[in-house]
Structures are given as structure tokens and as C-alpha cells.
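Report on the structure given below.
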Amino acid sequence: QVQLVESGGGLVQPGGSLRLSCAASGSIYSINSMGWYRQAPGKGRELVADISSGGSTNAADSVKGRFTISRDNAKNTVYLQLNNLKPEDTAVYYCNAVVKTKAWIGSSLYWGQGTQVTVSS
């Protein structure tokens, strides 16, 4: 089994910064893509940013220039640096990862439990 554990959420004022981390552990052979999604109250879950095993990134237009995704393959960890936060960034942030648990088994998608980010003065 694979577990994803997020950390780093909290309450921050508009214009502030946070750094989210998500560490994958368990029966891991390899990790393909990793990503961050968010879900605001009353809204659906949306992609924030994702990153391939080779480091190629993709981000939503609403966060480009403010959020940066990165990963440390040796630690099976993905990060999300959130700068210049706005009240509309308030949401539960979830990480995910596409993981192979064995070489001969296809990949599966795993999710973390989520971490709350609240932007308010």
C-alpha cells in the first residue's frame, strides 16, 4: 500500500507565502507524475499544478507566476511553494501521485488526505 502525507497548510494573510509538502511512502517501485489539486467550499476539485518524473511542470493559469511545484525524487516528495496568496486561494489542497508498486504491475493513482490553506486578514 502507498500513503501520501501532506503538511504545511495553515492561515496566512493576503500576500503571504506557504510551502506545502507531500511525502509518499510504502510499497513504491517508482513514481511517475505527482501533483497538487485544491477544492474550495462548494466547488469541485481543480488542478493546481503537476510535475512529471523528469521535472516537466504544468500549472493552472490562476496560479502561474505565484505558485511553484517541485519534487525530490530521492525523498519521494513533492512540494508546492505558494507566494502572493489571495483569499480566493483558500481551499483544501490535495496531493496525488501515479505510483508503480512493482515493476510488473501497472500504475495506480493515490491521494493524500488534504491540508487546509486559508488566506484571510
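Cα centroid separation, the range 87-121 to the range 20-73: 7 Å. Taking all protein chains as they are arranged and a probe of 1.4 Å, the heavy atoms of Tyr93 leave approximately 0 Å² accessible to solvent. Note on the chain: with charges restricted to the Cβ of Lys and Arg (+1) and Asp and Glu (-1), its dipole about the Cα centre is near 140 debye. Within the accessible surface of the chain, defined with a 1.4 Å probe on protein heavy atoms only, the carbon and sulfur portion equals 47 percent. On the basis of the beta-carbon distance and an R0 of 22 Å, Asn32 and Val5 show a calculated FRET efficiency of 0.70. Taken per residue, the accessible surface of the chain reaches 51 Å², heavy atoms only and a 1.4 Å probe. For the chain, with a Gaussian network of springs between Cα atoms less than 10 Å apart, report the residue from Lys86, Lys100, Lys75 with the top mean-square fluctuation. Checking each option, the largest mean-square fluctuation is seen for Lys75. Considering only alpha-carbon pairs that sit under 8 angstrom and 6 or more positions apart, the relative contact order computed for the chain is 36 percent.
Considering only alpha-carbon pairs that sit under 8 angstrom and 6 or more positions apart, the relative contact order computed for the range 1-43 is 40 percent.
Considering only protein heavy atoms, with the full assembly of protein chains and a 1.4 angstrom probe, order Asp61, Asp50, Asp89 by accessible area, largest first. Show your work: numbers first, answer last.
Numbers: Asp61 125, Asp50 50, Asp89 0 Å².
Reading off the accessible areas and sorting them downward yields Asp61, Asp50, Asp89.
Springs join every pair of Cα atoms under 10 Å in this Gaussian network model of the chain, and among Gly35, Gly106, Gly16 the largest mean-square fluctuation is at Gly106.
The values are calculated or read from the model by the stated rules, or taken from the named source; none is laboratory data. Remember, it's a predicted structure, so these values are computed and weren't measured experimentally. Because the Cβ atoms are built from the backbone with ideal geometry, glycine has one as well, and the counts that use them run over all protein chains shown. For the accessible areas, the whole protein counts, side chains as well, though only heavy atoms, and no ligand, DNA or RNA atoms are used. Shrake-Rupley method; radii C 1.70, N 1.55, O 1.52, S 1.80 Å.
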